[in-house]
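To keep things clear, I will list the structure first and then write my remarks on it.
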Amino acid sequence: MADIASLVLSTGITSAILQVVVDRITKFLEEKKDLSTGVAEEGLLEDAKSSFLDAEDLLDKIGLGLERKNSVDANQVRDSVSFYSSIPSEVKTMQKKLDDLVKELERYSTTEREPQILAVTSSSSVDESSVFGRDKDLNKMKELVLSVQQEGGKCLCNSNSGHTRIAILPKPITEIYGLETLKLKSCPKLLHLPENLKDLIKLRHLDFDRHRQLSSMPIDVGKLTSLETLHAFRVGKEKGYQIEELKNMRCLRGSISITNLENVADFLQAEAAMLHNKQYLDRLELEWNGMRDQMQPVQQEVLTGLEPHVGLKELRVTGYCGSFFPKWIAESSFSKLESIELENCPFCVLLPSLGQLPALKKLLVQNMCNLEGVDHLFCGSSAGFLSLETLTLRDMPELNINRCPQLQSLPEGGLPPSLKTLTILESDILKDRCKVGDGADWNKIRWIPNILIEKMVISAQRPDNQVDEYLSQPRD
C-alpha cells in the first residue's frame with residue numbers, strides 16, 4: 001500500500017501541473033476569439049480545442065482514480081498500481097502536446113498580421129515605399145532587392161510577377177522569416193529553390209509554374225506546414241525529398257500536381273503523404289513518368305495509398321501502369337467529385353465503377369490500349385452516371401460495350417478516330433441508337449472498320465468519302 005500512496009502523490013502532482021497548462025489553453029481560447037484565422041490558424045485552433053478536451057478527459061480520469069484511492073482492497077492492488085504508474089507518462093505526453101500548441105498559437109497571436117510584401121525592380125536603388133513588412137524584416141528585404149538588381153533580374157514576392165532572367169534566388173530571401181507569399185511564375189531559368197527555404201515557416205503561398213519549372217523540390221519542404229498554395233510537388237527518392245514531406249501540410253488548398261510517383265516505393269510510403277487529410281484540396285493530379293513498356297504491380301499499391309479527402313472535386317491520373325484502379329476511386333463517398341481524367345494507363349484492363357459517383361459531370365478516358373471493355377460494372381448500378389454531361393474516349397483501338405442497359409448514348413463528340421473495332425452487347429438503348437442508317441448514333445460509328453452489334457456484323461462497305469467526311473469534322 002505504501003507504493004500506491006507514493007504513486008497517488010506523484011499522480012496528484014503531475015495532474016496539478018497539467019491543470020496549469022489546461023488553464024493556459026482555456027485563457028488563450030477566451031482571449032483570442034478575434035484571432036485572424038487563415039487556414040493555418042484554423043487548423044491550430046482546432047488542434048488546441050481537440051487537445052483541450054482530451055486533457056480534460058485525462059484530468060477526469062485522474063480525479064476519479066484519486067476519489068477511489070481509499071477503497072482499494074487487496075484484490076485491487078495490482079490494478080491500482082498499474083493505473084497510477086501509467087498516469088505520469090500520459091500527463092507528460094499531454095503536457096508537451098499542449099505546451100507546443102500554446103507556443104504555436106502565441107506565435108500567431110503576437111505576430112502582426114501585416115503581410116510581408118516585396119516588390120523588386122531593376123533600378124539601381126531601393127524604393128523604400130515599395131517594400132512593406134515588419135521592422136525586423138525590412139533590412140533583409142532591401143538587401144534582397146539590391147542583390148536581385150545586381151543580377152540584372154526582377155523578382156516579385158507578394159506581387160504579380162513578370163518574365164525574369166533569374167536563375168538562382170538570392171540568399172537573403174530565406175532570411176525574411178515573416179515572408180508569407182513567394183511568387184515565382186514566368187521565371188523559366190529558375191530550376192532550383194534554396195535548400196534553406198524550409199526556414200520560412202510562415203510561408204503560405206509558394207507559387208510557381210507547376211512541375212515543369214523546377215527540376216526538384218527543396219529539401220525538407222515538409223517543414224513549411226503553413227503552406228496553402230503549392231501547385232506542384234516532385235517526388236524524390238532520398239529522405240527529405242520523398243512524398244512523406246506532404247504529411248503535415250494540412251492547409252494545402254486549391255490544386256496540386258504530384259509527379260514522379262515512380263519514386264514511391266510502396267503503399268506505406270504513399271499513405272505517409274496523408275492525402276486523405278487534405279480537406280481543402282479541390283483538384284489532385286497524380287503522375288507517373290518514365291518507361292511504360294511493362295506492367296508495374298507496385299503502382300497499384302501506391303495509388304491505393306494515395307487516397308485523397310472525400311471533398312475532392314477533380315482528379316487526374318496519368319502514366320499509371322497498374323492493371324486495375326483501387327476501389328476508392330469509385331466510392332460514392334466522393335460525393336463532390338465532378339471530373340475524372342484517366343490518361344496513358346496502358347495496362348488497365350477494366351474501368352472502375354465510376355457510375356456510382358453522384359456528382360460526376362466530366363469523364364475523360366485516353367490511351368488505354370489494353371482496356372477490355374465497358375460493362376455493367378462500369379455503370380455501377382441501374383441508375384449510374386446521374387450527373388454525367390461529357391464522356392470523352394480517345395486513342396483506343398478497341399471498344400467493347402457489354403451489358404450496359406442504362407447507357408443512353410455514345411459520347412456527343414463521337415468515338416476516337418483510332419478505334420478499329422466496336423462491339424455492343426446486351427445494351428438495348430445503345431443498340432437502337434446505333435441502328436444502321438437511321439439510328440441517332442449511327443453517324444458516330446459508321447466509319448469504324450469492324451462493328452458487331454449483338455450478333456450482327458455490320459459490313460465495312462461504306463464509301464470512303466463518308467469516312468473521310470466524318471473524320472474531317474471538328475472533334476472535342
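For the stretch 311-414, the relative contact order works out to 24 percent when only alpha carbon pairs closer than 8 Å and six or more residues apart are counted. Each Lys and Arg adds +1 at its Cβ and each Asp and Glu adds -1 at its Cβ; summed about the Cα centre, the stretch 206-471 shows a dipole of about 280 debye.
Per-residue packing, averaged as other Cβ atoms within 10 Å, sorts the ranges 304-312, 291-299, 386-394 into the order 304-312, 386-394, 291-299, beginning with the highest. Remark: the stretch 270-280, residue by residue, has Karplus-estimated 3J(HN,Hα) of 5, 5, 4, 5, 6, 5, 5, 9, 8, 6, 9 Hz, where x stands for each Gly or Pro and the curve is 6.51 cos²θ - 1.76 cosθ + 1.60 at θ = phi - 60°. What the Cβ-Cβ distance of N196 and N289 gives, at R0 = 22 Å and to the nearest 0.05, is a FRET efficiency of 0.20. Would you work out if the stretch 383-445 is rounded, prolate or oblate? Take a ≥ b ≥ c from the square roots of the eigenvalues of the alpha-carbon gyration tensor; rounded if a/c is under 1.5, else prolate when a/b is larger than b/c, oblate otherwise. Here the stretch 383-445 falls in the rounded category. Report the percentage of all Cα-Cα pairs in the stretch 164-309 whose separation exceeds 27 Å, rounded to a whole percent. Counting every Cα pair in the stretch 164-309, those more than 27 Å apart make up 19 percent. Could you tell me what % of all Cα pairs in the stretch 310-400 have separations over 20 Å? Across the stretch 310-400, Cα pairs with separations above 20 Å total 28 percent. Grouping the Cα pair distances of the stretch 206-471 into 10 Å bins from zero gives a pair-distance distribution of 7, 28, 30, 20, 11, 4, 0 percent in increasing distance order. Modelled spin-label separation between Y177 and S323, with each label point placed 7 Å from Cα along the Cα-to-Cβ direction: 5.5 nm.
Fewest-first ordering of W288, W442, W447 by other beta carbons within 10 Å of each residue's beta carbon gives W442, W447, W288.
We did not get these values from a lab; they are worked out from the coordinates using the rules stated. As the structure is a prediction and not an experimental result, all values here were calculated from the model. Ideal geometry is used to build each Cβ from the backbone, glycine not excepted, and the neighbour counts take in all protein chains shown.
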